[in-house]
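Reviewing the structure listed below.
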Amino acid sequence: MLDDEFLRQKMRDLRFFWSAYLAKPDFAYFVDFATLLNSLTNAFADKSQSGLRHVSRQLEERVLSRLGDEKSHPIPQADILDLSMRVSRLEELFRYYAERGTAIQERRAGASSNPPVYTSAATSTRLCLMGKEGKHWDEMIAQLGYFGITVHRCDQKCGESCYKAAETTNSDDFSVYLIDMGGMRDDAWCDTLKVLRERRPMARILCMNMPDDFMFMNCLLLVGVNHCITSRAGLQQVLSHILENKSHNDDKKDSYRVMVVEDSRTAAQAIRKSLEENGITSLVLNNPLQSLRNIREFQPDLILMDMYMPHCTGVEAARVIRQHDEFLGIPIVFLSGETNIALQVEALRLGGDQFLTKPVNPVLMNAVVKSKIDRYRALRHSMQNDSLTDLLNHISIKQALGTALNTLPPGKSIAIAMLDIDHFKRVNDTYGHPVGDQVIRSLAWLLKQRLRRNDLVGRYGGEEFVIGLVGTNSEAAQEILNRIRDDFSHITFFGENGQKFTATFSAGLTSCPEDGARGLEAALELADKALYAAKHQGRNRIVPHLDLRRKLHLEAPTL
């Protein structure tokens, strides 16, 4: 859900910049308007608002196609009328969703002021399943329920066209529309889904049972469908697309951070203003000799570096920065009026990632900055996260737990659990390794969906996971994990030949420092011993180390 004040502010900005151009149709004002639209489109992409991004991107592309130069402004009257109509459409969407956001906040304010931290089945996601009823609908609806997704069925009985049925539903209800294309005519679907996208710009639209037709898929993607799932995909793959989309939508991206190294204060402030209009946090340095200390303190995702400065050149500064291993991956983009291609190539060879020639078009600069940061973060993410589950990997989860323990406030504890899927070798041997991978992914999705954002979840190796519940004692952690364990045991999986089966997990639990563990390694060892006890006691259970210690004490022989 987008913040309503964010939408209202963007609506005011949109109206201001377009009105400024209408009042004085200069090239500079048109560039400002294009820059704003670029920031809007990026903001909607960052917030996973595909529908609003679709509408904003269409307007941005239309504006950029008419950007031209000073001589091409004012643009023709027909273009002004077309753009005015599109601006009004985007304003309507802003106004509608801002009012809707306010209404939802008022409803929430009337609810309990202290909602439970953990729930057994959160229902924040509602999905509308539309089309001709398929044979797997009942099974899919049941499985989605375990991941906190409630489903409204809308088959052909609801109306001749699915989007007509959507007209009668409350737009607050559905954040996802899943369209089953099986058994339905293809010719009218592009128009149908175009209308649905216009009416539900905030929703995600997924199409399953798609014919493997290039032109038809391209048509649906062009009108705003988020993803097409072919008819070859099984039910488990359809669930994967829904859950992966849900997980991505729930993730909050940190603000982009850019360090600007520019000796001209005027140029630096102009760059900073342009970055901040695109939601990018920036730090300006006028002296490159201060770079190393500020990189460590500010932790930038990218450095914008002027080529020629009094104390040293940008290339010299980049070479010094690259001498430090921890800074090797940070992208460096050079800014300069230098037009000598040989010098530009040499600058890139000596530590830069891209070269932008001054005066820099702000739209191009922001696009380069965001694309470079996205690639940098993707590389960093791939190094820190497990490729199968997208959870923290073995090294990263231990580092995160160690940091959490070192910064734990006095009187607080962290419940640390080690989970292991029961009889996992039997799953691989019986149903195949790809199916085993799906079981692992499903448990990862369930853990991410049920735990809080500040809790720590990682894949420790194979079918084993480690969890850190920050500020939670052992008793509360056991209750939380038991609810997750119970729901996981009801999820149905399908073997390579269509066989149905279920899986369970066991877990050992300790609370640090309550159980007396001194340091992370000691806590992990206690949790591992409790996990071994859970396996020994029959599996599909949670065993706290404290209970194990009491049991061992009771069973100890008396002297």
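The values are calculated or read from the model by the stated rules, or taken from the named source; none is laboratory data. If you're wondering where the values come from, they're calculated on a predicted model, not measured in any experiment. All Cβ positions, even for glycine, are placed from backbone atoms using ideal geometry, and neighbour counts span all protein chains on display.
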query: Leu221 fails exactly one of the following numbered conditions: (1) among the aliphatic types (A, V, I, L, M); (2) farther than 25 Å from Phe494 by Cβ; (3) over 21 Å from the mean Cα position of the chain (by Cα). What is the number of that condition?
result: (3)
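Mind telling me which of the residues Asn385, Asn393, Asn366, Asn428 ends up being free of Cβ contacts under 8 Å to residues at least 12 places away in the same chain, more than 18 Å from Ala318 (Cβ to Cβ) and surrounded by 17 or more Cβ atoms within 10 Å (Cβ to Cβ)? Talk me through it step by step, then tell me what you get.
Values: Asn393 fails: free of Cβ contacts under 8 Å to residues at least 12 places away in the same chain; Asn366 fails: free of Cβ contacts under 8 Å to residues at least 12 places away in the same chain; Asn428 fails: surrounded by 17 or more Cβ atoms within 10 Å (Cβ to Cβ).
After ruling out the rest, the residue left standing is Asn385.
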field: Complete set of residues in segment 454-477 that are touching a Leu at 6+ places or on another chain (Cβ under 6 Å), within 20 Å of Asp422 (Cβ to Cβ) and not aliphatic (A, V, I, L, M)
entry: Gly458, Arg459, Phe465
message: Pairs needed: first member in segment 64-77, over 8 Å from Phe27 (Cα atoms); second member anywhere, hydrophobic (A, V, I, L, M, F, W, C) and part of a loop (DSSP other than H, G, I, E, B); C-beta distance under 6 Å; at least 6 residues apart or different chains.
response: Arg66/Ile75
message: If a residue must be of a type in the set (Asp, Glu) and either surrounded by 15 or more Cβ atoms within 10 Å (Cβ to Cβ) or closer than 30 Å to Ser442 by Cβ (or both), how many such residues does segment 344-363 contain?
response: 1
- prompt: What number of residues in segment 506-525 are out of contact with any Lys or Arg (no Cβ under 6 Å at 6 or more places or on another chain), at pLDDT 90 or above and buried (at least 24 other Cβ atoms within 10 Å of the Cβ)?
  reply: 4
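Test Thr403 against the stated conditions and say whether it is touching a residue at least 24 places away in the same chain (Cβ under 8 Å), in a helix (DSSP H, G or I), of a type outside the set (Gly, Ala, Ser) and not assigned by TED's automatic domain parsing to the domain that holds Phe147.
Details: touching a residue at least 24 places away in the same chain (Cβ under 8 Å): no; in a helix (DSSP H, G or I): yes; of a type outside the set (Gly, Ala, Ser): yes; not assigned by TED's automatic domain parsing to the domain that holds Phe147: yes.
In short, no.
Residue-by-condition table, conditions (1) surrounded by 12 or more Cβ atoms within 10 Å (Cβ to Cβ); (2) small (Gly, Ala, Ser); (3) at pLDDT 65 or above:
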residue: Ala45; (1), (2), (3): yes, yes, yes
residue: Leu59; (1), (2), (3): yes, no, yes
residue: Glu70; (1), (2), (3): no, no, yes
residue: Ile80; (1), (2), (3): yes, no, yes
residue: Val87; (1), (2), (3): yes, no, yes
residue: Glu106; (1), (2), (3): no, no, no
query: So which residues in segment 420-455 are out of contact with any Asp or Glu (no Cβ under 7 Å at 6 or more places or on another chain), under 20 Å from Leu531 (Cβ atoms) and outside any helix (DSSP H, G or I)?
result: Asp422, His423, Leu451, Asp455
- request: Could you grab me the full set of residues in segment 190-246 that are of a type in the set (Lys, Arg) and touching a Phe, Trp or Tyr at 6+ places or on another chain (Cβ under 8 Å)?
  value: Arg199, Arg200, Arg204, Lys246
- line: Those residues of segment 295-329 that are within 28 Å of the chain's Cα centre (by Cα) and under 16 Å from Arg257 (Cβ atoms) come to a total of 13
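Regarding Lys398, is this residue part of a helix (DSSP H, G or I), basic (Lys, Arg) and touching a Leu at 6+ places or on another chain (Cβ under 9 Å)?
Details: part of a helix (DSSP H, G or I): yes; basic (Lys, Arg): yes; touching a Leu at 6+ places or on another chain (Cβ under 9 Å): yes.
Judged against the criteria, Lys398 is a match.
Inspect all residues belonging to segment 27-35 and state whether any of them is hydroxyl-bearing (Ser, Thr, Tyr), at pLDDT 85 or above and surrounded by 15 or more Cβ atoms within 10 Å (Cβ to Cβ). Write out each step before concluding.
Step one: filter segment 27-35 for residues hydroxyl-bearing (Ser, Thr, Tyr), giving 29, 35.
Cutting the leftovers down to at pLDDT 85 or above gives us 29.
Okay, now just the ones that are also surrounded by 15 or more Cβ atoms within 10 Å (Cβ to Cβ), so 29.
There is at least one residue in segment 27-35 that is hydroxyl-bearing (Ser, Thr, Tyr), at pLDDT 85 or above and surrounded by 15 or more Cβ atoms within 10 Å (Cβ to Cβ).
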message: Considering only segment 455-478, I want to know if a residue exists there that is under 22 Å from the mean Cα position of the chain (by Cα) and among the charged types (D, E, K, R).
response: yes
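Of a type in the set (A, V, I, L, M), modelled with pLDDT of 90 or more, within 30 Å of Thr389 (Cα to Cα) and surrounded by 13 or more Cβ atoms within 10 Å (Cβ to Cβ) - does that describe any residue in segment 209-217?
Step one: list which residues in segment 209-217 are of a type in the set (A, V, I, L, M), which gives 210, 215, 217.
From what is left, the residues that are modelled with pLDDT of 90 or more are none.
No, segment 209-217 contains no residue that is of a type in the set (A, V, I, L, M), modelled with pLDDT of 90 or more, within 30 Å of Thr389 (Cα to Cα) and surrounded by 13 or more Cβ atoms within 10 Å (Cβ to Cβ).
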- line: Across (1) part of a helix (DSSP H, G or I); (2) over 23 Å from Phe465 (Cβ atoms), Gln323 clears everything bar (1)
- prompt: Looking only at segment 321-343, which residues are out of contact with any Lys or Arg (no Cβ under 9 Å at 6 or more places or on another chain), under 18 Å from Asn361 (Cα atoms) and surrounded by 15 or more Cβ atoms within 10 Å (Cβ to Cβ)?
  reply: Phe334
